[in-house]
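The values are calculated or read from the model by the stated rules, or taken from the named source; none is laboratory data. Computed from a predicted structure; not experimentally measured. Cβ sites come from the backbone with ideal geometry, for glycine too, and all protein chains shown count toward neighbours.
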Amino acid sequence: MKSGTKYTLLLVLFFLLVWAWKSLSFKEKPDEIVIDGIHTPIKPCLSVMNDIFGAGVDSNKACDCVIREFYEFVKYDSLELAKFKEIGFHELEGEKSKGVGLILEKCFRANMLDSNYRLHLTGMYLEGFRKKLHTWLDSQSLQIDYSKDSLVNCITDKVYGNLTVGEFIAPDYSKVDKFMTLFKQCIGQSKNRTK
């Protein structure tokens, strides 16, 4: 065999080995998840996960979990399944929203990388946190007069940049020491204001 031919064969073999290694090592992240023949985009979920949790959660695994669990939750509801087929993960109303909250919590906890990662919530994510605070306050049996809006504003101001992923996804804020300390400080500032 001529040296030119050997060189060409070695070059081709080298190229094939590098290509195979890159194909196995650096697979591109999929743009969608396919469940029971339904193609659901994953990029919107990844974007939200990265915006909220940054390095605190494995976004790929969390999104895969959320989308699959959500599908299992809605697959026997023809209206919600049709909406899932059209747009993927979406907000549910009423009692169903509690089930979605449990799905999110389960998937976030299972895929948490750093429970101490500090969140810096802004925009719609901050509003979501405020909504969660309002819901939590509604579930409490507080025997004092306070302005719920004033209390939520105070807590939101105090936790900004101090809330960790683990604290944010806690199912019950009353079991989070840092949150309860801030809550007690803020309740004193919010007493006797009109609701």
Select the helices (runs of 4 or more DSSP H) contained entirely in the stretch 35-115, then report the ones holding at least 2 residues which are among the charged types (D, E, K, R) and farther than 29 Å from L163 by Cα.
-> 78-87
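Conditions tested, residue by residue: (1) modelled with pLDDT of 90 or more; (2) in contact with a Gly (Cβ under 6 Å, 6 or more places away or on another chain); (3) charged (D, E, K, R).
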{"position": "L9", "(1), (2), (3)": "no, no, no"}
{"position": "L13", "(1), (2), (3)": "no, no, no"}
{"position": "L16", "(1), (2), (3)": "no, no, no"}
{"position": "S25", "(1), (2), (3)": "no, no, no"}
{"position": "V66", "(1), (2), (3)": "yes, no, no"}
{"position": "E69", "(1), (2), (3)": "yes, no, yes"}
Only one residue in D145, D172 is charged (D, E, K, R) and in contact with a strand residue (DSSP E or B) (Cβ under 7 Å, 6 or more places away or on another chain). Which one?
-> D145
Can you pull out the residues in the stretch 99-149 that are within 30 Å of K75 (Cα to Cα) and in contact with a Leu (Cβ under 6 Å, 6 or more places away or on another chain)?
-> V100, F129
For residues that are at pLDDT below 90 and more than 11 Å from F53 (Cβ to Cβ), scanning just the stretch 107-119, find the one that is surrounded by the most Cβ atoms within 10 Å (Cβ to Cβ).
-> R109
Of everything in the stretch 164-187 that's modelled with pLDDT under 85 and in contact with an Asp or Glu (Cβ under 7 Å, 6 or more places away or on another chain), which residue is surrounded by the fewest Cβ atoms within 10 Å (Cβ to Cβ)?
-> P171
Check whether at least one residue in the stretch 124-147 is modelled with pLDDT of 85 or more, touching a Ser or Thr at 6+ places or on another chain (Cβ under 7 Å) and of a type in the set (F, W, Y), and report yes or no.
-> no
